[in-house]
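A.B. asks: I'd like to ask some things about the structure below.
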Amino acid sequence: MTDYEIEEHEYDVLVIGAGGAGLRAAIESLAFGCSTAIVCKSLFGKAHTVMAEGGMAAAMGNVYEEDNWKVHFRDTMRGGKMLNNWRMAQIHAQEAPDRVLELEEWGALFDRTEDGLILQRDFGGHKYARLAHVGDSTGLEMLRTEQQKAASLGIKVFSECTINRLMVDKKTNSISGALGYWREKGNLIKFKAKAIIIATGGLGKMYAITSNSWEGTGDGHAMAMMAGAEMVDMEFVQFHPTGMVWPPSVKGILVTEGVRGDGGTLRNSTDKRFMFNYIPEMFASETASTEDEADSWYEDHSLGRRTPDLLPRDEVARAINSEVKAGRGSPHGGVFLDIASRRSPEYIQKRLPSMYHQFKQLAGVDITKEPMEVGPTCHYAMGGIKVNAETAQSSVNGLFAAGEVAGGLHGANRLGGNSLSDLVVFGRRAGKGAADYAKNTESFLPIDQIEIDKAIQNMMMPFDNSNGENPYTIHKELQDSMQKLAGIIRTEEELVQMLSKVEDLKKKMLSVTVEGNRWFNPGWHLALDLEFMLTNAESLVRAAIERKESRGGHTRDDYPEASKKFGEINFIIKQVNGSIKVEPRQSDSMPDELAELFKDK
Amino acid sequence: MVSQNTQTESLFNRYAKTLRKDRWWLEPLLVGVGLFIFVMYSTVSAALLGNYWPYEIGPYVSPFFEPLFYTDILPKWVSPAIFILWAPLSFRMTCYYYRRAYYRSYFLSPPACAVQEPADSYSGESTVPLVVQNIHRFSMYGALIFVPILWNGAIRSFYWDGEIGIGIGSVLLLINAFLLSGYTFGCHSFRHLIGGGLNSFTGSKYQLFRKKIWNIVTVINSHHKYWAWSSLIVVGLSDLYVHMVASEWITDINTWNSFF
Amino acid sequence: MPLVDLKVWRGDDNGEYISYLVEYDEGEVILDVVHRLQSTDAQDLAVRWNCKAGKCGSCSAEVNGKPSLMCMQRMVNFTPGEEIIISPMKTFPLIKDLVTDVSWNYENARKVPAFSPKKVDTDGKHRMQQVDIERGQEFHQCIECYLCQDVCHVIRDHPENKDNFVGPRFFVQIASVNMHPLESASQKPSALYGFGLDYCNITKCCTEVCPAGIKITDNAIIPLKERLVDDKYDPVRWLGRIISKGKSGK
């Protein structure tokens, strides 16, 4: 084979991903005196963290003094349907307030209370107003603050550089480095590292309708698993019920729940408020049964029961799905979300300014005059790399993970606002964990040249192939079939069908062919990401087949109820001899003093 | 589905002067012509003609000559306006809005956004002569003095021959004083003095008061361009009007019947 | 579906504009059409993008000569068959197609003085009022698309100034640190020198192109220039300093 020139670097700690978690990890690792570098696929500062709007959950008690970490812990566990790693949930609830204050110390400007403290807002599933926020651009504030902190510390950043393989010393099951390529020229780059922190974010790009950007291909999930790490809870994917479906340019972009909270209702093509047909028994006693009752609830909560438009996210998403399947959808395959006919233009613009601008600028839709078209959109992966709650280390020595790519904290379903705090709480933990690990590691482990050669051959394959399909076509096929067969509502039959589709696409991937050369070639980049997306799709589908119940972000039409048995089991996904295996594992039980918190109603 | 147009166009230069297709040249052109007309008119009216063209009549004094300087000791060809005009002239010349306007229209630096600037080198206001623009703070203090003077002139113009009244001239002078105030108190430099220099507005009641004023100044300042143009046009018109009435070319409509 | 005549810069500095007829839907934006082109006739077309909602600032380019985000340019604003010229940002060295080397911006980011906050109150918390943070929050809306840097003639037409001028984006950042309600070092005027503030001739193109709607010139650059004037060119302050010096001299 051809000899390729490889640029080489050595760092105590290498962080893959420059979002909220990766940056926080790098800052921490550097603070412990480790040589640290960040590698990221996009330009520095473009991570998907900037899209987070609502805020970061932290029981600071600035608005409600009664709030404390125990209440936050309890909310998080209940939101995750008790499948969460309890220790992670505990750490998260305990440390989040300090992380918020730390961001402020670094220059973040959170909205204020009248006393001049950080203001906190209400959100679904949180008992008290708890989300520290900056208008509706909290993620941008967090990322920019961390980015400037990192820049002032002089942390080395390899931007527009993609890691393609993690290198593991097989004898000791320890990380030794990573191989990647510069997007700009396609040149290869090799890192020797004592510890690696994966902070690559989500995997939503395997779905056709997603709020994730092109980067959300789940590289970190797949590379860690290929390196031997255990994954957990991969079947749980959060579909947000209201994403934009039209125009095509904005398909999947979120429409905040606040639209419904402020009086908006869902309607089908016959102009019927269909949610009244989808009230599950479990919620029947607390949900309005007529439109009049729902409308009077908006006026005064004591005048009626809650509108079914505000049922839990999975219920609403399922209802929308059914309406569309029954042929009562909107012209572009969603349903209508109407606030224009129900509230005055002034009210809408005052309460929902960013939604107003989002639709006005991107869709040319004036939401004060016409209804929006919305449908469920893939939003967040609850599952990911299984990590130790204290150190964020995975089952591979020296391999750490933080942020969306790590699993455990959110269980079966994530509460809004818990993501941003997750990033900094466990980003910091991973940074410290990796630094400790690196300091106790005397020398860099050798990287197996055979593995490097194999990886390079794999990377160059799309140029050597001919007459294969182009990567865009394969990607689209994956997205469309995942959307159809492993989306929000799942059945055994469709999941099995999806599994064979994945096998089929894997074969196509082997002959994927790209045009041009390695010089900033998005076609080639996508061809290399396909492997990760297909690996993750397979993990997800295999785990989803095993979980024969409906819980949180996993809804099975053939097993519509939650089962007690599965309520105590997490599925561990790992690669054994090149094939993906799923095994049930009993969840850890929490100590009595924490279990106590769930006893009263 | 998609057909490729194989006819390719090789451009010698990657960029022409600009690839903009809109009428980007219209604004700098209009601004350039407008400023030129005003400068020519005011030079002729205030500096050259000076004592040769009457600038006061009845209760009206042209704003170019307000306050009145009776300069018998000076030769007739020295216009009394030169004792006044330095202030508005230097204030407007160094104003952040006018700088934008004439840099674009006359210096073509740049003529419009994303349109190439013809000059080979550029050092902005970092070197002589343009570093002089920093006297804007001085000239703002100067301009502040003239605000009450022009209000005085405007109010005086409602009183003639022992009688309170009103005429087109007095209305014009009043509007002039109003617009000039809006222009002066909306100035970026003034905005800075009022509150822009503070980092916190809530340390004391005094700071909170400054914040309130700063908010008002900020609103006025956001329309600085319109204050700049409207006050410029009206001051020119007021001057012309007073001259024309004083020269008996037209008759002022007012409640006093006649100034003669 | 209607067609649009997309004229896209292909290649590096020695490249050329190539015309493609591409189908589009009225509901799409330029970036969608570029993506369609990429998945069909120009698979190796280099273009940056991330969020597609005007929030990340990745897809900066020049559409018909105007610096703009491709994800915010809606096709309804063009007529079917119209020629649309898409060029990479001119101010930065071209890598390939629509992708430029923006590393100069990241070098500047490291020059900007870091934020150094006042001490916390005795209970470990900082206190600021909403009215105090609103000015900074405007600056924090910056999505780092670098369109303001691209359009700024100081460097666009005179690249030699890049050594002495950090550009509008970093004036915004300097302002955000310098005017931060908790900033402890902001009273040091030295924090304002060395960034090329005096190269700016306030022609306001940065404000015109800013997709985040930040009033860069009025709220960041001019106030910084005025803080510099406080230090150097204000006659009243000169007098004040002479008097206080005289007093302390006795």
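A.B. asks: Among the numbered criteria (1) assigned to a helix (DSSP H, G or I); (2) within 14 Å of another protein chain (Cβ to nearest Cβ); (3) aliphatic (A, V, I, L, M), which single criterion is violated by A:V365?
C.D. replies: Result: A:V365 fails condition (1) only.
A.B. asks: Quick check on my filter: what residues within the stretch A:176-204 are buried (at least 24 other Cβ atoms within 10 Å of the Cβ) and of a type in the set (D, E, K, R)?
C.D. replies: Of everything in the stretch A:176-204, those that are buried (at least 24 other Cβ atoms within 10 Å of the Cβ) and of a type in the set (D, E, K, R) turn out to be A:R183, A:K194.
A.B. asks: Okay, moving on. In the list B:S247, B:S230, B:S238, which residue meets the criterion of being crowded, with 21+ Cβ neighbours inside 10 Å, under 27 Å from B:P88 (Cβ atoms) and in contact (Cβ under 8 Å) with a residue 40 or more places away in the chain?
C.D. replies: B:S238
A.B. asks: Within the stretch C:22-34, restricting attention to residues that are in contact with an Asp or Glu (Cβ under 9 Å, 6 or more places away or on another chain) and not β-branched (V, I, T), which residue is farthest from the other protein chains (Cβ to nearest Cβ)?
C.D. replies: Here the answer is C:Y24.
A.B. asks: It is to be established whether one or more residues within the stretch B:16-28 are within 18 Å of the chain's Cα centre (by Cα) and either at pLDDT below 90 or farther than 30 Å from B:A246 by Cβ (or both).
C.D. replies: Step one: list which residues in the stretch B:16-28 are within 18 Å of the chain's Cα centre (by Cα), which gives B:27-28.
Going one step further and asking which of them are either at pLDDT below 90 or farther than 30 Å from B:A246 by Cβ (or both), we end up with B:27-28.
Checked the stretch B:16-28: at least one residue is within 18 Å of the chain's Cα centre (by Cα) and either at pLDDT below 90 or farther than 30 Å from B:A246 by Cβ (or both).
A.B. asks: Return the residues of the stretch A:479-496 that are within 23 Å of the chain's Cα centre (by Cα), more than 14 Å from chain C (Cβ to nearest Cβ) and in a helix (DSSP H, G or I); say none if nothing qualifies.
C.D. replies: A:S481, A:M482, A:Q483, A:K484, A:L485, A:L495
A.B. asks: Given B:R99, B:R104, which one is in contact (Cβ under 8 Å) with a residue 60 or more places away in the chain and crowded, with 18+ Cβ neighbours inside 10 Å?
C.D. replies: Exactly one residue qualifies, and that residue is B:R104.
A.B. asks: Here's something else I'd like to know. Residue check: is A:K70 within 30 Å of A:K386 (Cβ to Cβ), of a type in the set (K, R) and assigned to a loop (DSSP other than H, G, I, E, B)? Talk me through it step by step, then tell me what you get.
C.D. replies: Working: within 30 Å of A:K386 (Cβ to Cβ): yes; of a type in the set (K, R): yes; assigned to a loop (DSSP other than H, G, I, E, B): no.
Criteria not met by A:K70.
A.B. asks: May I pose another question? Looking only at the stretch C:133-175, filter to residues that are away from chain A (no Cβ under 14 Å) and assigned to a loop (DSSP other than H, G, I, E, B); which one of those is surrounded by the fewest Cβ atoms within 10 Å (Cβ to Cβ)?
C.D. replies: If we take residues in the stretch C:133-175 being away from chain A (no Cβ under 14 Å) and assigned to a loop (DSSP other than H, G, I, E, B), then C:N164 is surrounded by the fewest Cβ atoms within 10 Å (Cβ to Cβ).
A.B. asks: Now for a different question. Restricting the search to the stretch C:176-199, which residues are within 8 Å of chain B (Cβ to nearest Cβ) and assigned to a loop (DSSP other than H, G, I, E, B)?
C.D. replies: Result: C:M179, C:H180, C:P181, C:S186, C:G196.
A.B. asks: Looking only at residues that are aliphatic (A, V, I, L, M) and at pLDDT below 95 in the stretch C:60-83, which one is nearest to the chain's Cα centre (by Cα)?
C.D. replies: Once the filter is applied, the top-ranked residue is C:M72.
A.B. asks: Among the candidates B:P63, B:P118, B:P110, single out the residue that is in contact with a Leu (Cβ under 7 Å, 6 or more places away or on another chain), within 14 Å of another protein chain (Cβ to nearest Cβ), over 22 Å from C:P235 (Cα atoms) and not basic (K, R).
C.D. replies: B:P118
A.B. asks: Of a type in the set (F, W, Y) and either at the interface with another protein chain (Cβ under 9 Å from one of its Cβ atoms) or in contact (Cβ under 8 Å) with a residue 60 or more places away in the chain (or both) - does that describe any residue in the stretch C:37-55?
C.D. replies: Yes, some residue in the stretch C:37-55 is of a type in the set (F, W, Y) and either at the interface with another protein chain (Cβ under 9 Å from one of its Cβ atoms) or in contact (Cβ under 8 Å) with a residue 60 or more places away in the chain (or both).
A.B. asks: Output the residues belonging to the stretch B:212-227 that are in contact with a Phe, Trp or Tyr (Cβ under 9 Å, 6 or more places away or on another chain) and either hydrophobic (A, V, I, L, M, F, W, C) or buried (at least 18 other Cβ atoms within 10 Å of the Cβ) (or both).
C.D. replies: The answer is B:W214, B:I216, B:V217, B:I220, B:N221, B:H224, B:W227.
A.B. asks: Take the conditions modelled with pLDDT under 95 and under 24 Å from the mean Cα position of the chain (by Cα) and apply them to A:L399. Does it pass?
C.D. replies: So A:L399 does not fit the description; no.
A.B. asks: May I pose another question? Name the single residue, out of those in the stretch C:176-198 being surrounded by fewer than 21 Cβ atoms within 10 Å (Cβ to Cβ) and polar (S, T, N, Q), that is nearest to C:I143 (Cα to Cα).
C.D. replies: My answer is C:S186.
A.B. asks: Let me ask something else about it. Is there a residue in the stretch B:108-130 that is at negative phi, crowded, with 16+ Cβ neighbours inside 10 Å, within 17 Å of the chain's Cα centre (by Cα) and assigned to a helix (DSSP H, G or I)?
C.D. replies: Filtering the stretch B:108-130 for residues at negative phi gives B:109-113, B:115-123, B:125-130.
Subsequent filtering for residues that are crowded, with 16+ Cβ neighbours inside 10 Å retains B:109-113, B:115-117, B:122-123, B:125-126, B:130.
Adding the requirement that they be within 17 Å of the chain's Cα centre (by Cα) leaves none.
No - not one qualifying residue is present in the stretch B:108-130.
A.B. asks: Is it the case that some residue within the stretch A:512-534 is within 14 Å of chain C (Cβ to nearest Cβ), hydroxyl-bearing (S, T, Y) and farther than 26 Å from A:G220 by Cβ?
C.D. replies: yes
A.B. asks: So, one more: Please determine whether any residue of the stretch C:112-132 is under 20 Å from C:C206 (Cα atoms), within 14 Å of chain A (Cβ to nearest Cβ) and either modelled with pLDDT under 95 or in a helix (DSSP H, G or I) (or both).
C.D. replies: Within the stretch C:112-132 (the criterion being under 20 Å from C:C206 (Cα atoms), within 14 Å of chain A (Cβ to nearest Cβ) and either modelled with pLDDT under 95 or in a helix (DSSP H, G or I) (or both)), the answer is yes, since at least one residue qualifies.
A.B. asks: In the stretch A:322-358, how many are in contact with an Asp or Glu (Cβ under 7 Å, 6 or more places away or on another chain) and in a helix (DSSP H, G or I)?
C.D. replies: Total meeting the criteria: 2.
A.B. asks: What's the total number of residues in the stretch A:544-565 that are among the hydrophobic types (A, V, I, L, M, F, W, C) and either buried (at least 24 other Cβ atoms within 10 Å of the Cβ) or in contact with a helix residue (DSSP H, G or I) (Cβ under 9 Å, 6 or more places away or on another chain) (or both)?
C.D. replies: Matching residues across the stretch A:544-565 total 2.
A.B. asks: Related question: Could you list all residues from the stretch A:97-156 that are among the charged types (D, E, K, R), part of a loop (DSSP other than H, G, I, E, B) and farther than 17 Å from C:Q130 by Cα?
C.D. replies: Passing the criteria: A:D122, A:K127, A:R130.
A.B. asks: Collect the residues in the stretch C:200-221 that are free of Cβ contacts under 8 Å to residues at least 60 places away in the same chain, surrounded by 22 or more Cβ atoms within 10 Å (Cβ to Cβ) and assigned to a helix (DSSP H, G or I), keeping them in residue-number order.
C.D. replies: C:C205, C:C206, C:T217, C:I221
The values are calculated or read from the model by the stated rules, or taken from the named source; none is laboratory data. Quantities reported herein were computed from a predicted structural model and do not represent experimental measurements. For neighbour counting, all protein chains shown are included, and Cβ atoms are generated from backbone atoms with ideal geometry for every residue, glycine included.
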